[in-house]
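A short write-up of the structure that comes next.
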Amino acid sequence: MKMTFRWYGSKADPIPLSYIRQIPGMTGLMGLLDKPAGADWPEEEFKALVKEVHLAGLELEVIESVNVHEDIKLGLPSREEYIANYISTVRMLARNGVKVIIYNFMPVFDWLRTDLARIIPEDGSNSLYFDEKDLGEMGPLEIVRRTAEDSRGFTLPGWEPERLALLETTLKQYEGMTTDDLRANFKYFLDAVIPVCEETGIRMACHPDDPAWPIFGLPRIAHSIEDYDRIIALHDSPANTVCLCTGSLGSNPDNDVVRAIRHFGEMDRIGAMHVRNVKYLGHHHFRESAHLSSSGDLDMYEIMRAIHDTCPDTYVRPDHGRMIWDEKGRPGYGLYDRALGAAYLNGLWEALEKS
Ligand code: DNO
């Protein structure tokens, strides 16, 4: 298991790489280059990033997210250009030491929450929160406005301004699209990209829909074990893998996260893991909790044990953390609680190794 940390680059992330390096057991980053979906990433810029990360004593073997342009998901003729750019980015990343690319195939939205800083009554910290009832009242444009307003000036992953500027148009373009249509467009993308990944040694790891059910009537195809079985079957290859995010899949209590890890781990189809906990508050209603099992509803010991048994060499990152100790950071991506999460997960791992 390689413990990693998501980092947004020195211009956009208030957390210095030196702090990340000081978290015990941290080997590298799930890093990103701030480029719009569909862009062909410039090699010089990426090389500079790799150099900076290596100088800090960390690895950069996982990149998150090389976002898929909406035209690819929509299956528009212009997808050809964006797929060509994607392939060129895959080749460039492989040349520079990247092993795994995390991406998603969610229409319009990446993850979605109705409150980015809901106070946790037990301890006064705050975390990301979702209540479908609030969403119903808000509608897509309002939720986007609120999320941007609440993000404390940070650009949030998946909520990039250039993407949101087109929101109304994009929502219209999806009208009438079925899950089968979206899956066919996904297959078209995978058929083009996966052979290049095989050739260059990259694994594509698809992040689940978050939350793990359809929203705003949009088609969503990655929120259960069955969904992922179908995604793998679209283009069966060791390079077509899952980014198994315990908190996203686990937002739906019907998903057995431990079973999912064992299922895809045994098939060697886990490219990377995002590990965090959730607390269920009702139907389609949850908040993110501290990583500790007893703080939420997922069993972190069983999660780490499933990784240990079935995909022990995978990359793990402590996913979103709460905001604690008055930290003023990017919602979900502060230093302190993610560092606590990493320490805890490393502790579970050591116990598994020795038992
Ligand atoms: C949310 C993240 C996601 C993830 C993307 C991958 O905080 O886990 O935004 O990076 O879905 O494409």
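The values are calculated or read from the model by the stated rules, or taken from the named source; none is laboratory data. Bear in mind that the values here come from a model prediction, so they are computed numbers and not experimental data. Note: ideal-geometry Cβ built from the backbone for every residue, glycine included; neighbour counts use all protein chains shown.
Annotations
- Some residue of region 83-101 being assigned to a loop (DSSP other than H, G, I, E, B), more than 19 Å from Arg203 (Cβ to Cβ) and at pLDDT 95 or above: no
- Matching residues in region 310-320 - criterion: being crowded, with 24+ Cβ neighbours inside 10 Å, within 14 Å of the ligand (Cβ to nearest atom) and not in a strand (DSSP E or B): His320
- Boolean, Asn252 is of a type in the set (S, T, N, Q) and out of contact with any Leu (no Cβ under 8 Å at 6 or more places or on another chain): yes
- Residue match in region 130-140 (condition: surrounded by 14 or more Cβ atoms within 10 Å (Cβ to Cβ) and either outside any helix (DSSP H, G or I) or within 15 Å of the ligand (Cβ to nearest atom) (or both)): yes
- When residues in region 321-355 are screened for being part of a helix (DSSP H, G or I) and within 18 Å of Asp13 (Cβ to Cβ), 6 of them pass.
- Within region 203-217, residues that are away from the ligand (no atom under 11 Å from the Cβ) have Cβ atoms under 6 Å from residues that are outside any loop (DSSP other than H, G, I, E, B) and among the hydrophobic types (A, V, I, L, M, F, W, C) in these pairs: Arg203/Val100; Pro211/Phe130; Ala212/Leu249, counting only partners at least 6 apart in sequence or on another chain.
- All of Arg269, Arg287, Arg276 fail the test of being touching a strand residue (DSSP E or B) at 6+ places or on another chain (Cβ under 8 Å), charged (D, E, K, R) and within 12 Å of Asp319 (Cβ to Cβ), apart from Arg276.
- Taking (1) farther than 30 Å from Ile221 by Cβ; (2) more than 16 Å from the ligand (Cβ to nearest atom) in turn, Ser88 satisfies each apart from (1).
- Per-region count, region 175-207, residues touching a helix residue (DSSP H, G or I) at 6+ places or on another chain (Cβ under 9 Å), within 22 Å of Arg79 (Cα to Cα) and outside any helix (DSSP H, G or I): 6
For every residue, the table says whether it meets (1) more than 15 Å from the ligand (Cβ to nearest atom); (2) modelled with pLDDT of 95 or more; (3) of a type in the set (Lys, Arg).
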{"position": "Arg287", "(1), (2), (3)": "no, yes, yes"}
{"position": "Ala290", "(1), (2), (3)": "yes, yes, no"}
{"position": "Lys328", "(1), (2), (3)": "yes, no, yes"}
{"position": "Gly334", "(1), (2), (3)": "no, yes, no"}
{"position": "Tyr344", "(1), (2), (3)": "yes, yes, no"}
